[in-house]
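The values are calculated or read from the model by the stated rules, or taken from the named source; none is laboratory data. All figures in this text were calculated on a predicted structure; none of them were measured in a lab. Note that each Cβ is placed from the backbone with ideal geometry, even for glycine, and that neighbours are counted across all protein chains shown. Ligands, DNA and RNA are excluded from the accessible area calculation, which covers all protein heavy atoms including side chains. Shrake-Rupley method; radii C 1.70, N 1.55, O 1.52, S 1.80 Å.
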Amino acid sequence: MKKLKSVLAVSLLANVVLLGFGGFYWSQSGSVKAEGEGSPNYKNPYYINKVSIFKALPDKPVDRAFIGDSLTDHGEFAEYFPGETVINRGIRDDTSAGLLKRIGEVADRAPKKAYIMIGTNDILQGADRKEYEENLRKIVDAFDPAGTQVTLQSILPVNTEISHRKIDNKEVVKYNRIVKKIAKESGAEYLNLDLLITHGEGRMDPKYTVDGIHLKGNGYDEWVEKVKEKD
């Protein structure tokens with residue numbers, strides 16, 4: 001009987017240790033945290049790891065660079081442009097502040113064309129619009145206009161009936177006014193994806209999304225077609 005109690009005690013202790021370790025692991029990996037919560041994105045392990053990978057990649061001529069947050073991160077853009085060198089510089093959860101910290105790595109590669117979409121997480125985190133504007137201006141200014149054509153892409157509205165993250169699409173409209181203004185004043189192109197993704201409804205068309213905020217494959221098809229139309 002004493003032996004059985006001893007075995008049960010050891011087993012219970014082992015389970016407690018494993019649960020504690022598992023909880024620590026998941027919290028450190030970011031799987032428990034909701035997107036936009038916790039430490040600033042540029043202190044997140046995923047952000048740090050992605051930036052280190054980007055910096056380690058070979059330095060070679062780049063035709064197109066797609067830059068932004070998870071909407072860019074999820075896209076397989078290179079597949080759409082066979083025969084060209086296309087790099088993806090999207091990092092999930094990224095903000096204009098986080099992008100500004102790492103934009104030098106992209107600009108130093110002097111891509112012929114740079115497509116930037118950033119701002120969804122600024123809105124989620126309640127960032128100051130003036131700070132967002134300052135960050136975006138500096139991001140555009142990081143590129144040499146003599147060698148890189150910068151395209152600022154509109155922030156995509158969400159489908160609030162599907163998404164559990166309630167982004168106010170009226171705020172998206174205000175941010176996009178800033179994006180459009182900076183494009184005009186800096187000489188960058190402005191690519192408006194709103195009607196393409198919303199079909200005039202003011203929110204992301206459910207046929208393009210599962211979670212109301214990120215795009216499915218057909219959404220990327222439409223996005224890239226719009227990019228190609230600008231070429």
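Only residues that are more than 20 Å from the chain's Cα centre (by Cα), part of a loop (DSSP other than H, G, I, E, B) and closer than 16 Å to L215 by Cβ were counted across the range 191-200, and they come to 1. Looking only at residues of the range 173-208 that are touching a helix residue (DSSP H, G or I) at 6+ places or on another chain (Cβ under 7 Å) and among the hydroxyl-bearing types (S, T, Y), we find that the one that is farthest from T151 (Cα to Cα) is Y208.
The residues of the range 168-190 that are within 20 Å of Q125 (Cα to Cα) and either open to solvent by less than 10 Å² (accessible area, probe 1.4 Å) or assigned to a helix (DSSP H, G or I) (or both), listed by number, are N169, K170, E171, V172, V173, K174, Y175, N176, R177, I178, V179. Counting the residues of the range 191-231 that are open to solvent by 40 Å² or more (accessible area, probe 1.4 Å), touching a Ser or Thr at 6+ places or on another chain (Cβ under 8 Å) and not acidic (D, E) gives 4.
Taking the range 104-119 as the range and being in a helix (DSSP H, G or I) and open to solvent by 10 Å² or more (accessible area, probe 1.4 Å) as the test, the residues that pass are G104, E105, A107.
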